[in-house]
Amino acid sequence: MSVSNLPGGDPAAQLDLAKPAEASGHPYERSAGGPGLDGPAAPESAEEVAAREAAASREAADTVMQAFGGVRGMIDMTLPGLVFIITYNITHQVSTAAWAALGLSALFVVVRLFKRETIQHAFSGVFGVAIGAWISMKTGKAENFYLPGLLWSVGYCLGLAVSALVRWPLIGVMLGPVTGEMFTWRTQNPGRLAAYTKATWAWVVIMGIKPVILFPLYFTGNVNLLGWLKVALGIPPMLLAMYITWQILLKAPPPIKAVVEDE
């Protein structure tokens, strides 16, 4: 009589049945879902969903500094003005000061090209410095070196305000491609549209402080005070605007990634 005909069946079969599901190659895995074999994974809890969305919002908020060029970009746009006012105080020559500032801006572009970094912010800086240098040398008035920057500040604030009013806030337009959401915030994510609008108005107020303070000084012809205040009002307000934007986006819904269709 074979062993398999004895009560209890084949001992080998008994051994196989006693093995855990993982060892016997069963397609299901053991989890807390039930006493034996498990089905699909349990859905996320409300806390897990909230944590995941908070992490996504933080990741999107962290792109603020990147979008505006970071500290390096702000330095590229601020130092030439500082070099201009220092050189002008030493030489009392508008052309010498203008060429010194322009040379430094060009150097920033060359260094970025050498390091294969983006030249967007450095190039913007050298373009503005070149216009200011040309106007100041043409008129012989040192204060005119700062005129293009002041006009740009006014135009920038007006552009921000108009964009918020027409529901195309510029902060969203700038950050959308960086976060990967493109313009889904405008049609599919009203919470982020509200956040971008709020952040854009914050930029209008903060960046509007600069021309409000500096334009009266420009008309007095006080080049030294104008130059030093221009430098002082360069990086700090922008850092403040970035921080407020970061705080606003931390509390905003996470971005909805744009779907790119294959051609």
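The values are calculated or read from the model by the stated rules, or taken from the named source; none is laboratory data. Everything numeric here is computed off the predicted structure, so don't read it as measured data. FYI the Cβ positions are ideal-geometry reconstructions off the backbone, even for glycines, and counts take in every protein chain you see. With ligands, DNA and RNA removed, areas are computed over all heavy atoms of the protein, side chains included. Shrake-Rupley method; radii C 1.70, N 1.55, O 1.52, S 1.80 Å.
In table form, for the structure just shown:
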{"quantity": "Verdict on Val178 being within 21 Å of the chain's Cα centre (by Cα), surrounded by fewer than 19 Cβ atoms within 10 Å (Cβ to Cβ), β-branched (Val, Ile, Thr) and assigned to a helix (DSSP H, G or I)", "calculated": "yes"}
{"quantity": "Subset tally (residues that are open to solvent by less than 20 Å² (accessible area, probe 1.4 Å) and not basic (Lys, Arg)) for the stretch 181-201", "calculated": "9"}
{"quantity": "Unique match (being open to solvent by less than 30 Å² (accessible area, probe 1.4 Å), within 30 Å of Phe84 (Cβ to Cβ), touching a residue at least 60 places away in the same chain (Cβ under 8 Å) and in contact with a helix residue (DSSP H, G or I) (Cβ under 8 Å, 6 or more places away or on another chain)) among Pro211, Pro255", "calculated": "Pro211"}
{"quantity": "Test: Val231 is surrounded by fewer than 19 Cβ atoms within 10 Å (Cβ to Cβ) and farther than 30 Å from Ser136 by Cβ", "calculated": "no"}
